[in-house]
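Report on the structure given below.
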Amino acid sequence: MALELTNEEISRYSRHLLLPEIGVEGQVKLKNAKVLIVGTGGLGAPLALYLSAAGIGTIGLVDFDEVDASNLQRQIIHSSKDIGRPKVASAKDRIKGINPFVNVVVHNTMLTSKNALEIIGDYDIVADGTDNFQTRYLVNDACVFLGKINIYGSVFQFEGQSSVFGAKDGPCYRCIYPSPPPPGLVPSCAEGGVMGVLPGIIGTIQAAETIKVIVGGAKPLIGRLLHFDAWRMKFRELNLEKDPNCPVCGKNPSIRELVDYEQFCGLKKDESSEPIETITAIDLKKRLDNGERIQFIDIREPHERAIVKFPNAIIMPLGQLVRRMDELESSVDSVFLCKIGQRSILGIRALREAGYKGKLLNLQDGLNAWARDVDKSMPVY
């Protein structure tokens, strides 16, 4: 464990050293700290940038994804030249460019119930930059079991929130959100969109909370949830309480080991339910070329159709499907269109439950697949 700073480090971190709340002692604590960032996307990007600049001694990065052009609107740790590279590799290069004194450990893998305890166990604090519920619950439970602080953040469209979970007297994520929302109810950023600067704001708040927890003496967001609305430029704070009946951190926990989080979040296929029939963009093109009559149902909202239109599609937003299903010809196959083929599944299920008898097909991977595989003049968004 380092007990002092080098002359180079004193020069680099001088603005911290001038703050009595941090000083040399606090900067040494940052130097000795080991922080794991889960996800190197919208939230992970500012987390990694600011924690490396602040002098965190060891930063771990967990991500299995590659850099895509659509990431660059908000994931500022990556650049155009990194498209196609593993995100952890791109992020490591950027971190080392900012601060060569930081030890960067990359985990180019998906965090799962099988590896979470082993990976998280090597770090002091976890900063959660994930964008899905199953990983959020996994990170929370692993942190509780290992006694690690969980710096939480999430974003959607124009709103974000942050808190600090896992403290001895504070709540964990499950205390606040005992169960996940039904699958598909909350769209991902890929479907619902996100204001580019929003994860920068929330991720920077997470970085600040991480630094405060390491240095000590401050008032972190333990027992508090900070909510931010970027469109209205408003912050509000909610008080949170530890749930004594929490199944993970309560007095008599019923969950004592990591579970199957995809199943917990309802993401695994229900074998008892009727499967959704899909069709690929290429197979659909073949059927059209053969002269088959197919009715296309575009369930997207007007602002999304303004990006790209599909010719001769029936415009029927998701919320209107059931009450307008009499407008469809049940004798003709219906192919449902959305961006990536997820919301259309909800539409097909809704029509089935309402008693629609016609054949319903989901365009696999949505209009983006049609743009990539069939009509390259259409944009991928």
- Limited to region 272-289, what total is found for residues that are over 17 Å from residue 344 (Cβ atoms), out of contact with any Phe, Trp or Tyr (no Cβ under 9 Å at 6 or more places or on another chain) and either at pLDDT 95 or above or outside any loop (DSSP other than H, G, I, E, B) (or both)? 5
- Query: Can you tell me which residue in region 334-381 is surrounded by the fewest Cβ atoms within 10 Å (Cβ to Cβ), limited to those that are in a loop (DSSP other than H, G, I, E, B) and aromatic (Phe, Trp, Tyr)?
  - Reply: 381
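In region 149-170, how many residues are among the charged types (D, E, K, R) and either more than 19 Å from residue 124 (Cα to Cα) or in contact with a Gly (Cβ under 6 Å, 6 or more places away or on another chain) (or both)? I'd like the intermediate steps shown before the answer.
Just the residues of region 149-170 that are among the charged types (D, E, K, R), to begin with: 159, 168-169.
Pick out the ones that are also either more than 19 Å from residue 124 (Cα to Cα) or in contact with a Gly (Cβ under 6 Å, 6 or more places away or on another chain) (or both) and you get 159.
Selection size over region 149-170: 1.
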- Query: What residue, among those in region 144-153 that are surrounded by 20 or more Cβ atoms within 10 Å (Cβ to Cβ) and not aromatic (Phe, Trp, Tyr), is nearest to the chain's Cα centre (by Cα)?
  - Reply: 153
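Without any contact (Cβ under 8 Å) to a residue 60 or more places away in the chain, assigned by TED's automatic domain parsing to the domain that holds residue 234 and over 28 Å from residue 345 (Cβ atoms): is that true of residue 181 in this structure? I'd like the intermediate steps shown before the answer.
Numbers: without any contact (Cβ under 8 Å) to a residue 60 or more places away in the chain: yes; assigned by TED's automatic domain parsing to the domain that holds residue 234: yes; over 28 Å from residue 345 (Cβ atoms): no.
No, not satisfied.
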- Please list, ordered by first then second residue, the pairs with beta carbon atoms under 8 Å, 6 or more apart or interchain, first in region 3-14 and free of Cβ contacts under 8 Å to residues at least 40 places away in the same chain and outside the structural domain of residue 98 (by TED's automatic domain parsing), second surrounded by fewer than 18 Cβ atoms within 10 Å (Cβ to Cβ) and assigned to a helix (DSSP H, G or I). 4/24; 5/24
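At least 1 residues that are not assigned by TED's automatic domain parsing to the domain that holds residue 174 in each: list the strands (runs of 3 or more DSSP E) lying fully within region 86-163 that qualify.
Values: elements: 103-107, 125-128, 149-156.
Per the criteria, no element qualifies.
If the requirement is being modelled with pLDDT under 95, of a type outside the set (Lys, Arg), more than 20 Å from residue 36 (Cα to Cα) and in contact with a Cys (Cβ under 8 Å, 6 or more places away or on another chain), which of these qualifies: 183, 187? Outline the logic, then answer.
Values: 187 fails: in contact with a Cys (Cβ under 8 Å, 6 or more places away or on another chain).
Going through 183, 187 in turn, the sole match is 183.
Taking residue 77, is it at pLDDT 95 or above, closer than 19 Å to residue 207 by Cα, in the same structural domain as residue 211 (by TED's automatic domain parsing) and outside any helix (DSSP H, G or I)? Give the derivation first.
Working: at pLDDT 95 or above: yes; closer than 19 Å to residue 207 by Cα: yes; in the same structural domain as residue 211 (by TED's automatic domain parsing): yes; outside any helix (DSSP H, G or I): yes.
Yes.
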- Do any residues in region 319-335 that are more than 23 Å from residue 278 (Cβ to Cβ) have Cβ atoms under 6 Å from those of residues that are among the aromatic types (Phe, Trp, Tyr) and modelled with pLDDT of 95 or more, where the two are at least six apart or on different chains, and which pairs are they? none
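Output the residue which, of all residues in region 212-232 that are within 22 Å of the chain's Cα centre (by Cα) and not in a strand (DSSP E or B), is nearest to residue 128 (Cα to Cα).
221
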- Message: Taking the conditions exactly as written (within 30 Å of residue 349 (Cα to Cα) and acidic (Asp, Glu)), does residue 209 satisfy them or not?
- Response: no
- Residues in region 299-333 that are within 26 Å of the chain's Cα centre (by Cα), surrounded by 15 or more Cβ atoms within 10 Å (Cβ to Cβ) and among the charged types (D, E, K, R) total 3
- Note on the structure: Result of the Cβ filter at 7 Å on region 84-105, keeping first residues that are over 23 Å from residue 8 (Cα atoms) and partners that are part of a helix (DSSP H, G or I) and not charged (D, E, K, R), at least 6 apart or interchain, is 91/48
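The values are calculated or read from the model by the stated rules, or taken from the named source; none is laboratory data. All figures in this text were calculated on a predicted structure; none of them were measured in a lab. Don't worry about glycine lacking a Cβ; one is built from the backbone with ideal geometry, like all the others, and counts go over all protein chains shown.
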